[in-house]
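Reading through the structure tokens given below for one structure.
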């Protein structure tokens with residue numbers, strides 16, 4: 001082939017590629033198209049295998065778990081009693097708080113609906129540079145971008161990309177994840193940054209004069225507009241104060257065991273943020 | 001019909017492979033085989049499907065797949081002039097080139113999207129790509145039905 005033709009072909013190809021890339025960055029049409037086609041087909045292929053795997057594991061576990069079932073039952077009964085007692089106290093406090101909020105004229109918080117989802121894969125493919133998991137819920141079931149995702153232990157992340165029946169969840173450990181938090185006991189505000197898989201989370205913008213203790217649980221503050229208030233996120237592992245800085249150097253560990261996640265909960269807002277605005281008008 | 005079934009089975013296995021070994025492209029050997037033995041429209045259709053899968057399941061904006069498969073196409077086209085495309089040595093060299101290409105392309109896309117680039121993890125994925133590509137090619141090439149091979153003299 002003529003080298004001149006090859007060079008023209010390469011330059012033209014590069015030009016077309018860059019035009020396509022920038023157009024897609026602005027419009028997102030190609031990304032959406034690949035999400036609806038590629039992501040959903042990956043889900044369709046992985047879901048039956050996952051289902052079989054889970055059923056097989058359940059079947060085996062059911063027999064293994066029979067060993068020591070009595071002792072486990074007694075321990076669980078004791079735990080249920082303790083939880084009932086705690087629940088009773090907390091219900092009283094919650095009702096008292098609701099009464100005080102009503103007296104002070106606080107608007108009702110937006111309601112959230114929970115929906116279970118199964119984890120069908122961790123990262124898939126060569127472009128999976130982000131810390132993500134795939135779940136078997138998509139736009140058909142109302143799971144849209146930025147839907148909060150949690151487990152029984154705490155916050156897992158939020159939906160990053162939603163296909164029709166499958167969604168990609170951006171984990172709280174990803175470096176592009178940011179969650180606004182407060183300390184559960186001392187109410188010191190900060191923002192939790194992910195630092196990558198297996199790394200500690202970093203809590204930024206915690207004021208130098210704030211009170212935050214090692215071991216304190218960080219809960220969502222609701223200030224980021226994504227997560228509702230009060231969901232547990234991480235446990236503080238170290239707090240350092242250095243002279244000459246405005247903020248403390250805080251590290252935390254996620255409460256969720258991400259590599260072993262099998263089921264998660266999606267939190268869907270019953271009222272849209274646009275509706276919620278009316279409360280303030 | 002046999003070709004469609006074979007490629008569907010290959011794609012399904014590829015998706016499962018990519019789920020088990022994240023960061024590695026299991027479809028690249030398929031493109032090599034398709035380019036060698038199938039008609040160009042088949043290769044184009046397969047590449048578009050695989051590109052949609054890679055882009056949809058991945059975390060970056062659309063763009064990596066085009067560069068990735070274009071690089072593979074260029075490497076195969078240039079390499080075919082110099083070496084025998086049916087030899088394992090050539091495919092092993094191609095695996096090394098793909099491993100390096102994966103690093104540079106991913107770095108480029110991460111910079112363009114201003115994403116964090118996990119160097120250690122990507123380097124490990126490159127190494128896996130280098131090792132897995134020739135092995136997969138060898139297995140798929142031997143499993144590819146003789147009936148579907150479009151030999152140049154008959155084409």
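Just so you know, all these numbers are worked out from the coordinates, no wet-lab data involved. This is a predicted model, so every value here is computed, not measured. Here Cβ is always computed from backbone atoms with ideal geometry, including for glycine, and neighbour counts include all displayed protein chains.
A compact table of results
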item	result
Förster-model FRET efficiency, 41 Å R0, residue B:3 and residue A:2, C-beta, rounded to 0.05	0.75
Angle in degrees between helix B:88-112 and the longest Cα principal axis of chain B, rounded to the nearest 10	40 degrees
Contact order normalised by residue count of chain B, Cα under 8 Å, 6+ apart, percent	31 percent
Degrees separating the helix A:40-64 axis from the principal Cα axis of chain A, which is the longest one	40 degrees
Rounded Å value of the spacing that divides the Cα centres of segment A:204-223 and segment A:164-180	21 Å
Within chain A, helix-based [θ] at 222 nm, where runs of 4 or more DSSP H residues each add -39,500 (n - 2.57), nearest 500	-12000 deg cm²/dmol
Evaluated at q = 0.19, 0.20, 0.21 Å⁻¹: base-10 log I(q)/I(0), Debye formula over Cα of segment A:3-64	-0.81, -0.84, -0.86
Per-peptide average of other Cβ atoms within 10 Å, ordering B:72-84, A:133-145 highest first	A:133-145, B:72-84
Percentage relative contact order, segment A:112-236, counting C-alpha pairs under 8 Å, at least six apart	18 percent
Principal axis dimensions, largest first and in whole angstrom, of segment B:1-78 by Cα	32, 28, 17
Kirkwood hydrodynamic radius over Cα pairs of segment A:1-110, then Stokes diffusion coefficient at 37 °C and 0.692 mPa s, in µm²/s	149 µm²/s
Intensity falloff of segment A:113-270 expressed as log10 I(q)/I(0), Debye formula with alpha-carbon point scatterers, at q = 0.08, 0.11, 0.17 Å⁻¹	-0.22, -0.41, -0.91
Mean-position separation - Cα centroids, segment A:4-68 and segment B:3-73, in angstrom	11 Å
Dimensionless Rg/Rh of the protein assembly as shown - Kirkwood Rh, Rg from C-alpha atoms	1.05
Segment residue A:257-residue A:176, extension gain: residue separation times 0.36 nm, minus the distance between their alpha carbons	27.2 nm
Relative contact order [Cα under 8 Å, 6+ residues apart], chain A, whole percent	16 percent
Folded to 0 to 90 degrees: helix B:28-37 orientation relative to chain B principal axis, Cα	30 degrees
Relative pair counts by distance (%), Cα atoms of segment B:2-148, 5 Å bins	2, 9, 20, 24, 22, 13, 7, 2, 1, 0
